[in-house]
Amino acid sequence: MVLLMGVLEDYLRAVPPSREHPLAQTLIPILTSQTGLSTRGYPYLQQTVYLSFRDFVPHILGMGWQTWRCIDYLGGLVESQADEFPEAELMYFGRAKEILRSMLRTAAITAPPDLWLLHHVLSALRESNLYEELGCEKGLVLSTIPAKGFLIDELMVDFNFLVSRGIGQLEEDLFYFSSDKVVQRLLAEIPMAVPGEGVRLSHLWSKAFREPSRFKQWEVLAEVVQRVPCRSFVSQTSWIPTLEDVELGFRLVPLVLGLNSSRVGEILLGPGAYLTTDSLVGSPEVWEGARAILEAAGILVPVRNSEPWRLTCLGERVLKRGSGPFGIIEAYHNYMTCLPDIWRRGKQQVSVSRGTNIAASQLANSRSFEKANDSIDQFCEDTSHPLGVFIEHALGRGEATRQRYERLSAKKQAEDCFFVGADLEDPAIDAAMEEQRLGNLPPWMKFIRSADIGQPGVIVDALASWKIPSYGAFMVVGNGFHEIRNQTDESLSRVFRGYRQAGIIIVFTEESALRIEDILESAWNTYHAGFKYVHERSGQVLRPAEEWDQLRSCGSLRSSWASCAEEAGYLRVEQYCTRSRTIFPYKPQNGRNPAISVNHFLVPRQMAKELGLSN
């Protein structure tokens, strides 16, 4: 670890221990370590310092809020004596605070969905006749799985997820659980039965919050809120989740989704707002249990001055930003409750909850669509290319179109543009048409139902039937290409080729596929473990953003989105591509630090040549 060992650290070390902040001594060397600035102006830690925080500082759920408060406490001590410390040490301390707070905000969003998934997977495995072999020292020989009546490809999806969360290990033909004491306790005590017995808890919470006087299933929620698990110990040697973490995360995700769908969530997000449990109609036992879950998770501050429902800063972030990631994962509830059948018979009869997924995806993709629309505006300004046709595929509720319509309307140019929405699923088209009825989408917008994004001809033929030109049209896609089933590098290139031959400019967002090694090292600093799991569980495909990632992964990932598009005759124009933050808050020695997601900007190569574009 790179330490300054300066005046500031000596001062903090000399402060008497605080019972209220037992993590202080662990955090001091991290907060006083040397930090740097990336070429884009973002602060970063040294790698060893990041690993120290990741492994030795508990920072998810309620422990995240305790860590946040401890950082504030140490920051206050430094601020009170700021004139006594060298300017460089204060600068490093300030950067370190910013980085740690960013990781705490991230973990508040990324950890609960993974914990919800872990509870389902481990409970289902515990009920299976594989559990005894999985728990023995020798582990489970993978090649024996078919003889036991299971489908190895289906089980491997779950095994890989457990490996990515530090629970299991794979070695050639062997899978076994980690010998870590935290893991062994988790495996020994995780309940076989899932609280609620497979009921869609998010729907129950939503009904209870929205219509408590008509709600009839209080006894189910009462079971869920009994004996709320709460981690009290702060010492740890790895970031692997504890039994309490998994149990609490399982209860938290559906509760937050239900809360967010109601007026109660809106009230809590108001300035200075709070709500008392005695103001809620229905079961006092359930409301008190819900409060206990939210408090244990660091969403609410402890009960003080009769204000038990006041949000913490992390809680505010969860309510504002959590519905997207939480909802995308929880939309796969049907898969999670059918795991035993999937392992034996496959997933053919199981489907995602499309309505839930539409709303969650809209929230999660909103910022990516803003960047995509910014890039389109810049492209049109730079090249004088007209924005005459705007297509949104994998439509959802039409968030990309809503933004584009709003921008063009502000310039009084909206009526000069054809708008088209396409999706394979009727619920998405229905949701977008409702947005159109509400005035959020253009009244002249046309819709294409049963539009498989893997079949370019569906779009091209529909445009031709409406006499809408496809050449030079923009098609925006938010996390839609990974939904193409039975996808190979060659089949994806054929898909891109179909759109390229029609002259369509594609601007699409996709999460970057990461190696399990990357996911392990990033721990709770990305949302990728759960996102990767649910998509692979349902047969969808993630890819690395660029081929550079592929080459460094020893062949463990598919070809990149970029290489498949270029093979089809597209030019990926780098200057209009945008990226989210990188997965590591430090500079890896090998220089490989992929972005969590990327907006790709593809122009047909011949068109790019005509416009004078190149990389």
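The values are calculated or read from the model by the stated rules, or taken from the named source; none is laboratory data. In this text the structure is predicted, and so the values were computed from the model without any measurement. Cβ coordinates were reconstructed from backbone atoms using ideal geometry, including for glycine residues, and neighbour counts include every protein chain displayed. Please note that ligands, DNA and RNA were not included when accessible areas were found on the heavy atoms of the full protein model with its side chains. Shrake-Rupley method; radii C 1.70, N 1.55, O 1.52, S 1.80 Å.
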Self-check item: Rel. contact order, % - alpha carbon contacts under 8 angstrom, at least six apart, the chain
Solution: 13 percent
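Taking the DSSP beta bridges in the chain as the whole, what percent of them are antiparallel, to the nearest 5?
55 percent
Of all the C-alpha pairs in the range 477-615, what % are more than 17 Å from each other?
The share of Cα pairs beyond 17 Å in the range 477-615 comes to 60 percent.
With every protein chain present, what is the per residue accessible area of the chain (1.4 Å probe, Å²)?
42 Å²
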Quiz prompt | Fraction of alpha-carbon pairs over 15 Å apart in the range 136-183 - percent | solution = 43 percent
Exercise. Keeping all protein chains in position, work out how much accessible area residue 409 exposes to a 1.4 Å probe, and write it in Å² to the nearest 10.
Key: 50 Å²
Practice problem: Please go through the residue pairs 371/446; 320/412; 371/467; 446/609; 320/532 and name each one whose alpha carbons sit more than 26 Å apart in this structure. | Solution: 320/412; 371/467; 446/609
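What are the GluC sites (Glu not before Pro) within the range 45-154 that DSSP puts in a loop, where the Cβ has at most 13 other Cβ atoms within 10 Å?
Of the GluC sites (Glu not before Pro), the ones in loops of the range 45-154 whose Cβ has at most 13 other Cβ atoms within 10 Å are 137.
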Practice problem: For the range 33-109, state which trypsin sites (Lys or Arg not before Pro) are in a DSSP loop and have at most 11 other beta carbons lying within 10 Å of their beta carbon. | Solution: 40
Quiz item: How high is the relative contact order of the range 12-81, in percent, counting Cα pairs under 8 Å that sit 6 or more residues apart?
Solution: 34 percent
Quiz item: Per residue Cα convex hull volume for the range 94-154, in cubic angstrom?
Solution: 135 Å³
Practice problem: Would you please classify the overall shape of the range 371-517 from the alpha carbon gyration tensor, given that a ≥ b ≥ c denote the square roots of the eigenvalues, rounded means a/c under 1.5, and beyond that prolate means a/b larger than b/c while oblate covers the rest? | Solution: rounded
Quiz item: Exactly which trypsin sites (Lys or Arg not before Pro) in the range 382-415 are in a DSSP loop and have at most 13 other Cβ atoms within 10 Å?
Solution: 411, 412
Quiz item: How big, on average over all directions, is the shadow cast by the Cα convex hull of the range 486-540, in nm²?
Solution: 4.9 nm²
Quiz item: Taking Rh as the Kirkwood radius, which is the inverse of the mean 1/r over Cα pairs, what is the Rg/Rh value for the range 37-97?
Solution: 1.01
Self-check item: Helix-derived mean residue ellipticity, 222 nm - over the chain, DSSP H n ≥ 4, -39500 (n - 2.57), to 500
Solution: -15500 deg cm²/dmol
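Counting only protein heavy atoms and using a 1.4 Å probe, what share of the accessible area of the chain belongs to carbon plus sulfur, as a whole percent?
49 percent
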Quiz prompt | Size of the chain as Cα extents on the principal axes (Å, biggest first) | solution = 74, 61, 56
